[in-house]
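Here the structure is laid out as structure tokens; the discussion comes afterwards.
The values are calculated or read from the model by the stated rules, or taken from the named source; none is laboratory data. The structure displayed is predicted, hence computed values, not measured ones. Here Cβ is always computed from backbone atoms with ideal geometry, including for glycine, and neighbour counts include all displayed protein chains.
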Amino acid sequence: MTHFPPAAPAPDFPFRARRERLLAHMLAQGGGVAVVPTAPERERNRGTNYPYRPDSQFLYLSGFREPEAVLVLVAGDRPRQFLFCRARDKEQEIWTGYRHGPEAAAARFGFDAAWPVDELERRLPELLADQPALWTGLAAHPEWDRRVLAALERARANVRAGTQAPCTVHEISAVLDEMRLVKDAAEIALMRRAGEISAAAHCQAMRAARAGRFEYEIEAELLRVFRAAGSQFPAYPSIVASGPNACVLHYVDNDRRMADGELLLIDAGCELDGYASDITRTFPVNGRFSGPQRDLYQLVLAANRAAHAAVRPGNDWNAPHEAATAVLTRGFVDLGLLAGAAEDLIETGAYRRFYMHRTGHWLGLDVHDAGAYKIGGKWRPFVPGMTLTIEPGCYIRPADDVPEAFWNIGVRIEDNALVTASGCECLTGGAPREIGEIEALIAAGRDGA
Ligand code: GLY
Ligand code: MN
Ligand code: MN
């Protein structure tokens, strides 16, 4: 972060436009005051905190990354945009670093005014006076709930002075989640870049994996590529799962020694300026897929392709899941893993024995991003600008009725897609998926080693 912030927002600054869209929506619903706080800092253990990550709703509307901040938007004849943030503090800044302070924050982040966050208790009841509604997100951060509700209570106490308190409270997530579902140009640019960085990390993992190395050594390669490219965090704990660990969906210990002949499933993505990427690749530790590994891999790859083809305007959210499930279930029958007619196995859910999760989720500021999947009880249609994951897989645990050749094989192939006018753009194609490409990349890594 620069110590000399520019006096005005950067030319491509998208945050004020987002706030104006929110204000327009509020105004259309009768107006009021929006209060959106950021996430609190959390202690990890005595005297040290978890790395700080702002609240996604707050970050979406402000771009401001310091803790202890709240934005307040007043929707009325004269819409106003305010920020409360930490005051400058020379002594504290020696220990914990630069703070914008209200004056510089207002200029750089495009607010009409900003005040020290210590003034929230005094100013918020005044801002709420004579306003029809409070728009806020309850239950996300209980500490902030208390402060916001105390301000509401104070505004009510002021009725004796002749002012009215808001008599309606709107859950602001209902609006913000829908806004966030369709990405704007600035978000798409960040998500493309996050996808590129994460794809490069997966390529590096393919080059680095060897029998005898530990899963955490490969995790370290991923983290190095993320961070060296400017990503602030992994978007979620990286899964580096070799052999039977690939059948544990949320495996994160990453402490096993990889063995010859096994597959390595890696589910890892970086977060870039708040935006997540989420890639899974599965490849052989020794660089060559065995016959049964190849069979299952090709099946999951076919499901991944079928799901990609189903992501387009005109189709609904469930279309890629149905496409992937149909391919996988037919494949399970062909490989002798399931017996019966594929339609029946889908109908009864029998395929879930080997494919027990859904084929994707919205992706954005949160890895499992905001936005409803159904509207009025129906899967929602795709529209351009939505971003999602496509992540079919299969997980075969040992069992008497399962051919032994497939035991302990877990495969997932996960990509990130942007819905376009005619279909979808894959944001994560930089990490190879075809068997030939994967084997070639691993071989090239060994030649250079
Ligand atoms: N890595 C989290 C997920 O794939 O949903
Ligand atoms: Mn994932
Ligand atoms: Mn995912």
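What to note about this one:
- Hey, residue 222 surrounded by 21 or more Cβ atoms within 10 Å (Cβ to Cβ), in contact (Cβ under 8 Å) with a residue 40 or more places away in the chain and more than 17 Å from the chain's Cα centre (by Cα) or not: yes
- Test for residue 445: is it touching a Gly at 6+ places or on another chain (Cβ under 9 Å), more than 19 Å from residue 291 (Cβ to Cβ), modelled with pLDDT of 95 or more and more than 16 Å from ligand 1 (Cβ to nearest atom): no
- Among the residues making up region 250-295, those that are within 16 Å of ligand 3 (Cβ to nearest atom), in a loop (DSSP other than H, G, I, E, B), closer than 30 Å to residue 58 by Cβ and not charged (D, E, K, R) are 250, 252, 269, 277.
- Scanning region 366-389 for residues that are out of contact with any His (no Cβ under 7 Å at 6 or more places or on another chain), within 16 Å of ligand 3 (Cβ to nearest atom) and among the β-branched types (Val, Ile, Thr) yields 367, 387.
- Here residue 310 does not fit the description of being within 16 Å of ligand 3 (Cβ to nearest atom), among the hydrophobic types (A, V, I, L, M, F, W, C), farther than 20 Å from residue 404 by Cα and out of contact with any Gly (no Cβ under 6 Å at 6 or more places or on another chain).
- Filtered residue count, region 336-370, keeping only those that are away from ligand 1 (no atom under 15 Å from the Cβ) and not in a helix (DSSP H, G or I): 8
- Any hit, region 325-347, residues being among the small types (Gly, Ala, Ser), over 28 Å from residue 269 (Cβ atoms) and buried (at least 16 other Cβ atoms within 10 Å of the Cβ): yes
- Residue 331 at positive phi and either part of a strand (DSSP E or B) or more than 15 Å from ligand 2 (Cβ to nearest atom) (or both): no
- Matching residues, region 273-294, being away from ligand 2 (no atom under 16 Å from the Cβ) and either crowded, with 23+ Cβ neighbours inside 10 Å or among the small types (Gly, Ala, Ser) (or both): 274, 284, 287, 290, 291
- Boolean, residue 316 is among the charged types (D, E, K, R), modelled with pLDDT of 95 or more and surrounded by 21 or more Cβ atoms within 10 Å (Cβ to Cβ): no
- In summary, residue 397 fulfils each of the numbered conditions (1) farther than 18 Å from residue 198 by Cβ; (2) within 16 Å of ligand 2 (Cβ to nearest atom) with the single exception of condition (2).
- Residue 307 within 15 Å of ligand 2 (Cβ to nearest atom) and either at pLDDT below 95 or more than 19 Å from the chain's Cα centre (by Cα) (or both): yes
- Flag for residue 445 being touching a residue at least 24 places away in the same chain (Cβ under 8 Å), surrounded by 16 or more Cβ atoms within 10 Å (Cβ to Cβ), more than 16 Å from ligand 2 (Cβ to nearest atom) and of a type in the set (Gly, Ala, Ser): yes
- You will find that of 189, 228, 235, the residue that is more than 24 Å from residue 371 (Cβ to Cβ), at pLDDT 95 or above and aliphatic (A, V, I, L, M) is 228 and no other.
- Check on residue 132, surrounded by fewer than 19 Cβ atoms within 10 Å (Cβ to Cβ) and either without any contact (Cβ under 8 Å) to a residue 60 or more places away in the chain or at positive phi (or both): no
- Across region 372-395, the qualifying residues are those that are within 15 Å of ligand 1 (Cβ to nearest atom) and surrounded by fewer than 24 Cβ atoms within 10 Å (Cβ to Cβ), and the one among them that is nearest to residue 297 (Cα to Cα) is 395.
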